[in-house]
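Since the structure comes first, as structure tokens, the remarks are kept for the end.
Here, each number is a calculation from the coordinates, and none is a lab measurement. Model, not experiment: these values are computed from the prediction. All Cβ positions, even for glycine, are placed from backbone atoms using ideal geometry, and neighbour counts span all protein chains on display.
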Amino acid sequence: MAIITFAQVKGGSGKTTLAKCMVAEFVARGASVAALDLDPNRPLGRFFARIPELAHVEVAVPDQERRVSLLVRDLAARFDHVVIDLMGAATNDTQVAMALSDLVVVPSQMSEDDFQGGMETWRQVEEAETVARRKIARAVLMVRTSSGAVRPRVEAFLRDAYAQKGAHVCTASFGERTVWKEMSYAGWVPHLHERGGNAAENFSAIFDEVLGLLAARAASPDPLAA
Amino acid sequence: MTTQRRPGLTVPPLAIEPRPSSRVAADDPRFAVAESLERPEAIREAVASGRVRAINAETGVGLLVPPAPAGEGRGVGPASASRRTAPEVALSTKVPDYVLRQLRRRYAESGITIRNQILFALRLAGIEVRDSDLLDERKRGRSS
């Protein structure tokens, strides 16, 4: 069971691509999963509709009557996993989604704006944890990193910068690959259609690591619980 | 003398077994917390503190635009008359260009007009702005 949110108050950081990949990985592993799309552009439903293996995935969208908490309560009762994709801004939905989550993943590219937004998002998860009186697993995920063997200096620098501010950074990172951009156009998702390929292996490693955070949280006592 | 055979190796039970799949119960306390964060007063407080800097028009529109009474709005009969409580007057001022850029960006993200963003900020600053005067009259006009 997991409610997983991709959050970053800066736009264009990779939240939606990661949410698409996360849902596809759950489907590839035969898990029960649904999604909540809080991006007004509605990218998730459009994407899933193009991929036959994902066409059945239920994507909830809010309106004035169906609030986020109501939608997630409904999805969580019917599916083992719920993936939430937020808008790239500090909106009224951000804290609501975080307070509902078991795990928050904060994607960050290498720019200073991403770092600033990543840390602001990290602080918001900490606040949500305090308000919810419940531990929320969380991690920063480096995005659009070099797929080659050599890590650019700025990536190591940023990993260190996040760590110094108290933010946990995943060991795995989401490599820059053309295939992620082509998924919609080609109707081809590496971890659905070419398991074992480099791109699929890349996301699989991310998936295992972030879900490992959930398992670690479940195994440790929750000091915040009332 | 017989040789004692060593027993076969077995994996001991793990101290931490993976939890069986379970779903979040409908009465899980997290939902009550989330609902409290969706209340208008909670969002206004989050706006005032800077935690919220953009309103999702689909989930937060009720904050700025009070729901029209039954039978009114959306171009139904007399709703085409303005619900404003006072005549509108023009106000022109100069602001730094980056401020205007941010207001336009928020309008693009949230659908909340620049006029309403300013009026809402003024209300947070203690200036009286009535709910009915925050109605987006353009929507009323378009749908009629």
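Anyone know which of A:HIS193, A:HIS81, A:HIS168 comes out most mobile in the 10 Å Cα GNM of chain A?
A:HIS193
If the viscosity is 1.567 mPa s and the temperature 4 °C, what translational diffusion coefficient in µm²/s does Stokes-Einstein give for segment A:46-165 when Rh comes from Kirkwood over Cα pairs?
Rounded to a whole number, D works out at 79 µm²/s.
For B:ALA42, what is the net charge nearby, where nearby means another residue's Cβ is under 14 Å from its Cβ and Lys, Arg count +1, Asp, Glu -1?
Charge balance near B:ALA42 sits at -2.
Let me spell out the model: positive unit charges on the Cβ of Lys and Arg, negative unit charges on the Cβ of Asp and Glu, origin at the Cα centre of segment A:2-219. What dipole size does that give, in debye rounded to 20?
140
For every other residue with a beta carbon closer than 10 angstrom to the beta carbon of A:SER184, add +1 if it is Lys or Arg and -1 if Asp or Glu, then tell me the sum.
+3
Kindly identify segment A:114-198 as rounded, prolate or oblate by the Cα gyration tensor criterion: order the square roots of the eigenvalues as a ≥ b ≥ c, call it rounded if a/c is under 1.5, otherwise compare a/b with b/c, prolate if a/b is larger, else oblate.
oblate
Within chain A, which DSSP H helices have Cα atoms that stretch 15 Å or more along the helix axis and a mean Kyte-Doolittle hydropathy of at least 0.5?
Span-like helices in chain A: A:15-28, A:68-78, A:198-219.
Taking springs between alpha-carbon atoms closer than 10 angstrom, which of A:LEU70, A:LEU158, A:LEU100 fluctuates most in the Gaussian network model of chain A?
A:LEU70
Roughly how big is the protein assembly as shown's charge dipole about its Cα centre, with Cβ charges of +1 (Lys, Arg) and -1 (Asp, Glu), in debye to the nearest 20?
Here the protein assembly as shown has a charge dipole of around 340 debye.
For segment A:69-191, with only Lys/Arg (+1) and Asp/Glu (-1) charged at the beta-carbon, what is the dipole magnitude about the Cα centre, in debye rounded to 20?
300
For segment A:2-219, report the convex hull volume of the alpha-carbon atoms normalised per residue, in Å³, without decimals.
Per residue, the Cα convex hull of segment A:2-219 comes to 119 Å³.
Taking K and R as +1 and D and E as -1, what net charge do the other residues with C-beta under 9 Å from the C-beta of B:VAL24 add up to?
+1
Can you list which of the GluC sites (Glu not before Pro) found in segment A:59-140 are DSSP loop residues with at most 12 other C-beta atoms within 10 Å?
Those satisfying the criteria are A:GLU65.
Which lysines, if any, have their Cα less than 22 Å from the Cα of A:LYS165, not counting same-chain residues under 8 positions apart?
Within the straight-line limit of under 22 Å, A:LYS165 reaches these lysines: A:LYS10, A:LYS15, A:LYS135.
Starting from the exponent 0.38 and prefactor 2.2 Å, build the expected Rg for the protein assembly as shown from its residue count and divide its actual Cα Rg by it.
Compared with the compact-globule rule of thumb, the protein assembly as shown sits at 1.14.
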